[in-house]
Structure formats: structure tokens, C-alpha cells
Amino acid sequence: MALVLSLSATLALPTSASAESENSLFSQLTRKKKGTRATPAATTGHTQGSGIPATTETAILNDGSAAPFITPDSAAGIQALADRYAKIVADGGWPVVPRGRTKKGSSGKPVAILNQRLYVEGYLRVEATQGEYAGIFTSATEDALKRFQSNHGLSPTGIMDGVTLEALNVSAAARLATIRANIPRLAEYSKNLGSRYVVVNVPAQQIETVNDGKVYSIHNAIVGRPSRPTPVVMTPLTIVRFNPYWNAPASIVARDIVPRMLSRGPSKVMADMNMKVFKGVGGPEIDPNTVDWRRAKIDDYHFRQEPGGDNAMATAKVEFNSPFGIYLHDTPEPQLFSTSNRFYSSGCVRVQKVAILINWILQGQDGINEARIAELAETKERLDVNIANAPQLRVAYLTAWPAKDGVAAFRSDIYNMDGSGFVVGQPLPVGEKMDGQRFVLKPIPYLQDDIDTDNGGIFASLFGGKSSENDVARPGQTKSQADALIKLGGTSAKGKPVNAKTTASKAPAKKPGTAVAKRKWQGSGKNELASDNTTGTTTVIPPKGKKPVQKKPATKTTTAAKKDAGKTVKVAKADPKAAAGAKAKPVAAAKPATTTKPAAATASTAAKPAAPAKAQAPAAKPASCKAGSDGKMPAGCPAPTTAAAKATPTADKAVNAAN
């Protein structure tokens, strides 16, 4: 009798996903160094994840047991939920469930209130609140509680615990507000879905593949942390790259790789990391032992990690057209998928069991089936496949959506976007605003560099013991200070105006020893961030005692224009004479595209080549303005012209975006 009191059951997934057998680069290199199998630390650090077991599991379903995050009817479905929950609010909401650990077989007033609470939202039939069953935790109560837990991203145990109680006692009015925030999102995301599509639900940290309204597979995902949010994208998938290269950004080379080479030897470190060094992008491979890395200019070299399981991309990546430069990819740290709160990345999305996703995407195209995908992962063969009959992709921000049986599923508003009007675009880091808004519609210039750096986060875990992706607070910093890596004008997290005139170069004096990049963007409104006139500076704050280096932000690179890293990219070479101050060539005037001056610089400035000559050291005494071993110029000497030299890192970042 009690069984019929519950509404129809939905699939209850296991409480956690087991970690895959593949080990991370960190673990492998630790074993090489110590000669023993590395045992991960308990629960701290990025490489170990949150330490809390995952409440969802990657699996092939294909049986209609799960309702998709998004369907062509989602707009109507979410509106119907809003009407239903509005009526619940108008009728007085639902009761507050008292504390107490209850489970099947329990009885008493707390159980009676729990049954009433589940009935009001629609998880139990009215009979469960009447007669002999009103105060008993029956099988129907257990089943209803499991479905409630699954719909809130909790472990479906059917037992009342602290997190379940907290979710139950969120008011009906608050749930209604969440539903209403998602009405315009689902209306937009459900457009032009087609019969096959992929949904990345960022707040849920999950990915679904959908065939004709039925969920085929569901995958645990790793998405952007609150200080590096994943943007919302609506576009078809385009390319699958098997065993892709990973191009190390200059920031990781300077902060992590070079110090390691100096302590252990260049060739040994390159061999351990399966990396090669080239003289510039597209240039010839060089022997790293032939370079004096203490004095080398990092931008003159291209560090490329070769395909393989240790690669930051691991076995594959899936690309799509997007102004934000993100993509889906595998990871050499599969153990992270077995934890909850998988907000670790800087925007890109990492996919558990990516082979299942790719097999579903390609559908046997060009003979690439499950066996061929496994073979490619084993042989490390490089292969790029343009996707035919490409499925649509929705990287979505859903904190509420229709579940089964007329109830709603909910997730935490991890980026604090509910109530902001956010539908598509780039959420700003939590606590930050641009022109009073929490999001922008065009890319933020720093994003691509952060994404590339993020994908090399495993190197930080190797060199520093913990990855900068998760453990971003440095000595002398609080967690909030370390996360606030950008100030975009408008208001800061504390509501104070950001002073655009304050230069980033003051940061090292305040916090010596930090190793994070702090960016201040000047004169850019929320709709101007991707324009050619956007200017800014990036100050990479090195370890204590080193001089901060300013860099120009990476130029915007669309996926459609991306090329494989193996192809030559022409880059401008630096003029060593101009850099040394021996001659006063107007480099900036000759090559305005590579100048470090703001785009708003007037033509009259470029037309006066004599002016830079006066600023240089006298021609008769060139040696007096030669940079010393510490990189500093003697007193009275100006900084050398570096316009041409800045061309190389820009091109390098363009190739990074393609891989």
C-alpha cells in the first residue's frame, strides 16, 4: 500500500563515480623521482579535488529514465513550473522540516512534517499525509526523498541528512525566484536544437548528449571556478582533435618550467614532460641544453607538449566556434571527476570518459568507431576530424529546469547570476561588475591567456606541490585577494569604484613573492571589450627579488581562424639595435600593428621619429645604457623600445588558442 503513495520513480544514480585507472602527470613524475608509487594526499589541493565524493555518475543511459536539461519544449515547461510554484507561494508555501536524522521506518511528528513538505512540492501523493501513514517514513517517503535529492544534485540516499534538510528548507518563494531567473535562459537555449545536441550545464557540473529527446549519456564535468567563470555558448560542434599538442603559455614557461630546468637540467625536464622547444613559433626544434635559460628571452621560444596521456589535453579535445576561446577536452587528472564541487577550471570544460562523447558525436564517421578511438588513445596518433552532421552545443547556465512529474530540478547559483538578467555571454568573476552588470556579451581580453594557462595547471601541481588552479592564494595573500585577479572598472567586490589610473606595477611592492597575474583594463565598456581599440596591461608578478614584466593582452582569435600548432606562423622579429638603443629607428611608426602604445595614439606621434632618438642614450656612449644582468637600465637611461619584440608572444598565444 505504501508503495503507491509515491509518484513514479526516476533513476537514482550511484553516490559516487570511481576514479579511472589513468594516473596524473604529477603522480607519474613523483614515482619517477622517488621510485615508488605515489599516494595522493587526503583531500587538499587541486590534484585531489574537493575530497567530497561525487553525487553524480558518468554513464550511458539511453532508456528514457532521465529528463534532459533542455528540450524544444523547455520554454513552455519552465513557465508552467513558474505558475505552479507561484500557486504554492500564494497558498502559504511549504512547512519547515525540523532537524533530526530520519530514515525508512522512523515515525513521529518530524516525519509527518517531512511527508507534508514532500507532498506540497509534488513528490508524494496526498494519501501519504493522511491516516496511518501520515507520521511514518514509508517506502514511498524514501523514494520521494531520493528523487528530491537527485533533483538537487545531492547523493540519493533516501536518508535525511544535513545537506538534504538545508535544501528542503529553502523557501518556496526563493525557489520561485530561481525558476523565474531561468525562464529567459531556457527560452533562448531551446531554440534550434535539432534532433541531436550536447548540453553542458555549468551549475550542475554535468554534460548530456541527447538523441530525439532522450538522454543517451551523462558525464561528470569540470567547469570554471567562480573567479574564472565558464561562458555560455550556443553553437554547433566543429572539430575533434585526437592527441592534440599543448602549447605552454609564456607565463607557465617563465614561472614553472624554466626554474625547474635550471634546477634539474633542461633536457631532463623536457623529457619528463614530453615537451620540445622550438626557436619561435613554427621555427626549428632546438636542444634546450644549448640555451642560457637564466638570460633567455622566453618569448623567443615555443614550448610544445607532445601528444600523449600526460598531455594537458590528454587524448582529445572538441572544438566549436566561439568568441570566448573555450573547448571541451580530456584531462590527465581523471581522479577529479570522482569529487563534488568540480569548479576547478578557468573556463574550458573537461569531460569524464570523453571517448563515449566523441563516439556519440562522430557516429562512425570516416570509420572512427569505439575501437578506433581506443586505438588512437593507445598509439598517440595525431588526427583532426571535421565533424559531419555536427550536433548543436549548449554551454548553459541553468539553476532550475523541468524535471519529471511536474517538479523542478535546482542547482546552486555558483556564479551569482540569478537576478542579473544573465542569459548568454561571459559571467564576470563573482563579486565584480562592469558598468553595473555582472556579465559582458563580448570576450574579456585576458580570457584566452587564462584558459591556456589553466590547461597547464598540472605543471603548477608538479612544481609547487599544489595547482594554482585551485590553491590560488599565495603567501601574503588571502583567498579573496588571490581570486580577484582582474578589476574591470565599475565596482569591486566591496562596491568601491575601481581606480583605472592605479598601475598594476605597484602590486609587487605591496605583496612581494606573489606569482599571479593582476590585470587592470582601462577605458573599456562592457560592449567594447573585444574591439580593436581595447587596451590594457598585464603585469606578471614574479617571485621575490625579480622585476615585474608587463605584457600586452592576447589578441582576439576565433576558432574559425585557428590553425594546428604544427604549421608555421609568421611572426615579426625584434630589432636588436633598436632594443639596445644604438639607433633611433621609428619602429612603432613603421609597424603600428605591433606597437605597445594604445590604439588611440595619434598619427602625429608616429610622424616624429626624431622624438624617440632624444629619449635614447647618446650615440657616443651606447655602453652606458646597456641593460645589466638584472635586466635594469643604468640611471638616466630610458626603457628600450620593445614594440617589435612584443609581436612574438601575440602570435604564440594565437597558436595556443588553436590547441
- Could you figure out which of (1) open to solvent by 40 Å² or more (accessible area, probe 1.4 Å); (2) of a type in the set (Gly, Ala, Ser); (3) at pLDDT 50 or above; (4) within 20 Å of Thr164 (Cβ to Cβ) isn't true of Ala54? (1)
- Message: Which condition from (1) within 17 Å of Ala403 (Cβ to Cβ); (2) at pLDDT 95 or above is the one that Gly213 breaks?
- Response: (2)
- Given Ile88, Ile183, which one is surrounded by fewer than 22 Cβ atoms within 10 Å (Cβ to Cβ), modelled with pLDDT of 95 or more, touching an Asp or Glu at 6+ places or on another chain (Cβ under 9 Å) and under 22 Å from Asp413 (Cβ atoms)? Ile88
- Query: Considering region 362-379 alone, what residues qualify as being within 25 Å of the chain's Cα centre (by Cα) and open to solvent by less than 10 Å² (accessible area, probe 1.4 Å)?
  - Reply: Leu362
- Message: If a residue must be in contact with a Ser or Thr (Cβ under 9 Å, 6 or more places away or on another chain), hydroxyl-bearing (Ser, Thr, Tyr) and closer than 26 Å to Tyr327 by Cβ, how many such residues does region 163-222 contain?
- Response: 6
- Taking only pairs six or more apart or across chains, which ones have beta-carbon atoms under 6 Å, a first residue in region 322-335 that is open to solvent by less than 10 Å² (accessible area, probe 1.4 Å), and a second residue that is assigned to a loop (DSSP other than H, G, I, E, B) and hydroxyl-bearing (Ser, Thr, Tyr)? Pro332/Ser24; Glu333/Ser24
- Residue match in region 250-258 (condition: in a strand (DSSP E or B), under 25 Å from Glu319 (Cβ atoms) and in contact with a Lys or Arg (Cβ under 9 Å, 6 or more places away or on another chain)): no
- Message: All but one of (1) buried (at least 23 other Cβ atoms within 10 Å of the Cβ); (2) of a type in the set (Gly, Ala, Ser); (3) in a helix (DSSP H, G or I) hold for Ser263; state the number of the condition that does not hold.
- Response: (1)
- Query: Has region 423-438 got at least one residue that is open to solvent by 20 Å² or more (accessible area, probe 1.4 Å) and free of Cβ contacts under 8 Å to residues at least 40 places away in the same chain?
  - Reply: yes
- Task: May I ask you to list the residues in region 389-422 that are open to solvent by 40 Å² or more (accessible area, probe 1.4 Å) and on the phi > 0 side of the Ramachandran plot?
- Result: Asn389, Asp405, Asn416, Gly419, Gly421
- Message: Could you list, ordered by first residue, the pairs with Cβ atoms under 6 Å in which the first is in region 337-361 and open to solvent by 30 Å² or more (accessible area, probe 1.4 Å) and the second is assigned to a loop (DSSP other than H, G, I, E, B), at least 6 apart or interchain?
- Response: Asn341/Ser50; Lys353/Thr58
- Residues of region 346-381 being in a helix (DSSP H, G or I), on the phi < 0 side of the Ramachandran plot and among the charged types (D, E, K, R), which ones? Glu370, Arg372, Glu375, Glu378
- When you go through Gly213, Gly224 one by one, which is the residue that is out of contact with any Lys or Arg (no Cβ under 7 Å at 6 or more places or on another chain) and either among the hydroxyl-bearing types (Ser, Thr, Tyr) or closer than 23 Å to Tyr344 by Cα (or both)? Gly224
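The values are calculated or read from the model by the stated rules, or taken from the named source; none is laboratory data. Computed from a predicted model, the values in this text were never measured in an experiment. Virtual Cβ from ideal backbone geometry, glycine too; neighbours counted across all protein chains shown. Note: areas computed on protein heavy atoms with side chains; ligands, DNA, RNA excluded. Shrake-Rupley method; radii C 1.70, N 1.55, O 1.52, S 1.80 Å.
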